[in-house]
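Each value in this text was obtained by applying a stated rule to the coordinates, not by laboratory testing. The structure displayed is predicted, hence computed values, not measured ones. When we count neighbours, we look across all protein chains shown, and the Cβ atoms used for this are built from the backbone with ideal geometry, even at glycine.
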Amino acid sequence: MYGMLRTVLSHMIKTGDLTVTDSEGSRFQYGDKTGTPVHVQFKTKHAERAVALDPELKLAECFMDGEIDFLEGDIYTLLQVVFENTGPTAATEPWMKAAGKLRVLFRRFQQMNTISRSSSNIKSHYDLSGELYDLFLDPDKQYSCAYFDPPNATLAEAQLAKKRHIAAKMLVKEGDKVLDIGCGWGGMGLYLARHLKANVKGVTLSEEQHAIANQRARDEGLADRAKFELTDYRNIDDKFDRLVSVGMFEHVGVGHFAEYFQHVARLMKPDGVFLLHAIGRADGPGATNPFIRKYIFPGGYIPALSEVLPHIEKAGLYVTDIEILWLHYAETLKAWREA
């Protein structure tokens, strides 16, 4: 086995039951033989070197490319072993920690999300074929954390509960003007127009989502109350009773937080309400995981609460409610994985 990989695994894996077969057929055992066993097979020396040098990106890439296989267990089981030993990062060696610090230093450059660059980032992810998202999302195509109330709800039921929960928090009334920032395939906006008779404007940078959202509005006879535009939220210049953003803030980028909340404040009526539903990080400010940055949120960043609140205050907005839904997201991800 590649020497650096053997060193990394020896230092990293103290608990669990991990067996590794290298590209030459030699077997190595790590951990204390507790928990669910997992057996990883490296098929190429390239995979051994790549994973040793950049595990947060290359483990997944080598698995996708067929250079890593599982003789027992699966990628999910392996990640469980890694997280039990290291937490959410595999950066245990000095060079890995140094790379992590460099990612923090360069994160503002990577997240310079101008209007044109934001459009490019969104298209690269959300303009993929709808058939891909149909494989794991609920029928309403909610691509964000569901709300499992009751805990045994199906994914579709939990996503409906999420929309109901958001609408209740915003106190949406009939006739309210609502802006949906990052409207996706239109599910949230259509819910507000259908059930609360709100007048909804949704904005997205995805041509695929824009077309589907408007078609759904026409099919449901809601086109007079739910209109979806292909534009950046920064191009909107109007006043709204309610604003909502679900699963879009991750694409804003840390250098644009001030701009984001200042623009939201300009769009709100004096008695307006804004609800932000976003993924947050529990371990303080950092950098975007390289796999997530490359394949999930290009140009994006999952922020810590401490990075967000100061910009809300400086924009003249008042925080009246914070709800942490991390267990709900765990159930959402589990449902997507098992779909």
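Each Cα pair under 8 Å and six or more residues apart adds its sequence gap; the mean of these over the residue count of the chain is a relative contact order of 15 percent.
Applying a 10 Å radius around every beta-carbon, put 58-65, 311-318 in order of their mean neighbour count, most first.
On the way: 58-65: 18.1, 311-318: 14.4.
Final packing ranking: 58-65, 311-318.
Neighbour counting of Cβ atoms within 10 Å sorts the residues Val254, Val40, fewest neighbours leading, into Val254, Val40. Between Glu174 and Ala265, the modelled labels are 3.5 nm apart [label points 7 Å from Cα along Cα→Cβ]. Taking a point 7 Å from the Cα of Ser306 along the Cα-to-Cβ direction, the residues of segment 231-264 with backbone N closer than 20 Å to it are 253-258.
Stretching the chain fully between Arg194 and Gln215 yields a gain of 6.1 nm (0.36 nm per residue, less the alpha carbon separation).
Given a Förster distance of 35 angstrom, what is the FRET efficiency for Leu230 paired with Ala258, based on the Cβ-Cβ distance and rounded to 0.05? Rounded to the nearest 0.05, the efficiency is 0.85.
Close amide H pairs (under 5 Å, H built 1.01 Å from N) link Gly202 with Asp180, Lys227, Phe228, Glu229, residues at least 5 positions away or on another chain. In terms of other Cβ atoms within 10 Å, Val8, Val244, Val252 run from fewest to most in the order Val8, Val252, Val244. Judged by the gyration tensor of its Cα atoms, with axes a ≥ b ≥ c, segment 152-198 is prolate; a/c meets the 1.5 cut and a/b is the larger of a/b and b/c. Going through the cross-link list Lys33/Lys162; Lys201/Lys314; Lys14/Lys334; Lys197/Lys269; Lys141/Lys173, which pairs have a Cα-Cα distance over 30 Å in this structure? Pairs exceeding 30 Å: Lys33/Lys162.
Once the Cα atoms are used to define both axes, helix 207-219 deviates from the longest principal axis of the chain by about 50 degrees. In percent, rounded to a whole number, the relative contact order of segment 3-92 is 31, using alpha-carbon pairs under 8 Å and six or more apart. Partners of Lys45 within straight-line reach, counting lysines whose Cα lies under 21 Å from its Cα and excluding those fewer than 8 residues away in the same chain: Lys58.
Using a ≥ b ≥ c from the Cα gyration tensor of segment 231-338 (square roots of the eigenvalues), is it rounded, prolate or oblate, where a/c under 1.5 gives rounded and otherwise the larger of a/b and b/c decides, a/b for prolate?
Details: a/c = 1.72, a/b = 1.57, b/c = 1.09.
Judged from the Cα gyration tensor, segment 231-338 comes out prolate (a/c at least 1.5, a/b above b/c).
From largest to smallest, what semi-axes in whole angstrom does the chain give when each is the square root of 5 times an eigenvalue of its alpha carbon gyration tensor? Present the calculation step by step, with values, prior to reporting the outcome.
Numbers: eigenvalues 328, 94, 66 Å².
Ellipsoid half-lengths, sorted descending, are 41, 22, 18 Å.
Which shape class, rounded, prolate or oblate, goes with segment 3-92 when its Cα gyration tensor gives a ≥ b ≥ c as root eigenvalues, a/c under 1.5 marks rounded, and past that a/b bigger than b/c marks prolate? It comes out rounded by the Cα gyration axes.
Compare the peptides 198-205, 282-289 by average per-residue count of other Cβ atoms within 10 angstrom and give them in order, highest first.
198-205, 282-289
Any chance you could check the Cα centroid distance between segment 122-201 and segment 293-319 for me, in angstrom? Segment 122-201 and segment 293-319 have Cα centres spaced 21 Å from each other. Each of Thr36, Thr21 has some number of other Cβ atoms within 10 Å of its Cβ, and from fewest to most they run Thr36, Thr21.
Against the chain, whose longest principal axis is taken from its Cα atoms, helix 3-12 shows a tilt of about 70°. Principal-axis analysis of the Cα atoms of the chain puts helix 305-314 at an angle of about 30° to the longest axis.
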